[in-house]
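For reference, the structure discussed in these notes is given below.
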Amino acid sequence: MAEGLIVAPGHDPRDTGEPPIHVALANTAELTRGSQMALVGGIGSGKTTELLLTQKELGRHSDAVNIFVDMADYTDLSQISPGAILATAGLQLYPRVRLWLQKRGEKLPEDVESAHTKLRELAFGKTKWVPADAWDDWDDGPDMVQVNVPGLMKLRLPSLRREVMEVQELVVSIASPLLEFNDQVTLLIDGLDRLIRPELFREFAEQDLQALRGTSVSVIIAAPLLLWYDKTRFLQDYFDVAKHIPATATGPRSSAFLRQILQRRGALDLMDRTEITTIAKYSGGVLRDLLTLARSSAEYAYRDAEDRIGRGHVNAAIKQLGNRYLAGLGNTHRKLLRRLMDHGEFPIENSTARELLVNRQVLEYFKGGVDYFAVHPALAKVLPKPA
């Protein structure tokens, strides 16, 4: 982003009449403080980039306090408990509040400092000493016994379910200097789309995010892709705004947007437009795969001591990517893929089919107001035909 390599979409991929997702999210956060928004998309679809573009857009106002957090950077996502999102938000708010007060020449209130200390204990746990006589089966030894209390985000230890309201009160105490001056506070939370079980995200939303409602703190959060296809419509019903990033709005073969991304990075200096179009097509519209194919093609050209990327280099990169998606697929997976390729059928309610969608072997597209699915084109190229 700092090098100007990002190509921002010109509109919402699902509605050409609507502004780009990052603009819509920023506008909602500014106009409706305390709003909660969800961003959904598959692995490599560009969710993190959209969140960062939103953060940049929100920075246009001097009273904006925007905090981007990737939860996966802080904790093992399989080991966190309700309250962890709130705790992380408070811990990230604290240095911003302290700096904000320093610039105003004001001291940090004692209740803010105290709330931060208590919040760290709740988040990461603490070690405390208790009288030995408090233990019924204690016969002999020191007068005091060391007891380790695990926190909400303590790694490799059983999570303790805590009262989320206690964490909420501490977070509000930390944020109070900003909220009292009516500053616009927005939390941008990444990483929770990687939760192994999507139902855990629902639990965080119903507890952590619900605790933030009414605090004037806006939240924009990346959510698991499967919730977009959940029959209960949890995302649409719970969040004020829910946005979906499909692989591409139209077929990757005709996507000028994908070609622009490569050209912005100097692709025309290394390959012809034919190779650019081929890479865009076989990326399936997945931005991460688009860049992976371009990089791999360049590596193959380098190994051949060539100055430019040719068709053979691109084909080798496509085969490499396709085999990566093919690895580990059993007969049931392959039958579902072949059924989708031959008949256009994809039973989204099937758990194995959902696994293919999450792992990007199957991609979701949107065209003419209709969602549809297709096998990743790089995988389709190497998928063995049935005997």
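The values are calculated or read from the model by the stated rules, or taken from the named source; none is laboratory data. Here the structure is a predicted model, which means the values were calculated and not measured. Note that we place each Cβ from the backbone using ideal geometry, even for glycine, and neighbour counts take in every protein chain shown. Quick note on the areas: whole protein, heavy atoms, side chains included, nothing else; ligands and nucleic acids left out. Shrake-Rupley method; radii C 1.70, N 1.55, O 1.52, S 1.80 Å.
Kindly establish whether residue 370 is β-branched (Val, Ile, Thr) and open to solvent by 60 Å² or more (accessible area, probe 1.4 Å). Yes; evaluated as a whole, the condition is true for this residue. Within the range 304-363, the set of residues being acidic (Asp, Glu), surrounded by 12 or more Cβ atoms within 10 Å (Cβ to Cβ) and touching a Phe, Trp or Tyr at 6+ places or on another chain (Cβ under 9 Å) comprises 306 only. For first residues located in the range 1-19 and modelled with pLDDT of 85 or more, partners that are in a loop (DSSP other than H, G, I, E, B) and of a type in the set (Lys, Arg) and lie 6+ apart or on another chain with Cβ distances below 9 Å form the pairs 5/265.
Please determine whether any residue of the range 307-318 is within 30 Å of residue 19 (Cα to Cα) and either among the aliphatic types (A, V, I, L, M) or more than 24 Å from the chain's Cα centre (by Cα) (or both). The answer is no, given that none of the residues of the range 307-318 is within 30 Å of residue 19 (Cα to Cα) and either among the aliphatic types (A, V, I, L, M) or more than 24 Å from the chain's Cα centre (by Cα) (or both). Looking only at residues in the range 97-135 that are of a type in the set (Phe, Trp, Tyr) and modelled with pLDDT under 80, the one that is farthest from the chain's Cα centre (by Cα) is 135.
Does the range 337-387 hold any residues that are assigned to a helix (DSSP H, G or I) and either of a type in the set (A, V, I, L, M) or in contact with an Asp or Glu (Cβ under 7 Å, 6 or more places away or on another chain) (or both), and which are they?
Selection gives 337, 339, 340, 341, 353, 356, 357, 358, 378, 379, 380, 382.
Just to be sure, is residue 176 farther than 16 Å from residue 83 by Cβ, modelled with pLDDT of 80 or more and open to solvent by less than 10 Å² (accessible area, probe 1.4 Å)? When the stated conditions are applied, residue 176 does not pass them.
Every listed requirement among (1) touching a Leu at 6+ places or on another chain (Cβ under 6 Å); (2) farther than 22 Å from residue 364 by Cβ; (3) surrounded by 18 or more Cβ atoms within 10 Å (Cβ to Cβ) is met by residue 264 save one, (3).
Residue pairs whose Cβ atoms lie under 7 Å apart, sitting 6 or more positions apart in sequence or on different chains, and linking a residue in the range 335-348 that is modelled with pLDDT of 95 or more to a partner that is in a loop (DSSP other than H, G, I, E, B) and aliphatic (A, V, I, L, M), are 337/383. For the range 148-169, the count of residues that are touching a Ser or Thr at 6+ places or on another chain (Cβ under 9 Å) and modelled with pLDDT of 85 or more is at least one. Consider the range 223-269 and keep the residues that are closer than 22 Å to residue 20 by Cβ and among the hydroxyl-bearing types (Ser, Thr, Tyr). The one that is modelled with the lowest pLDDT is 250.
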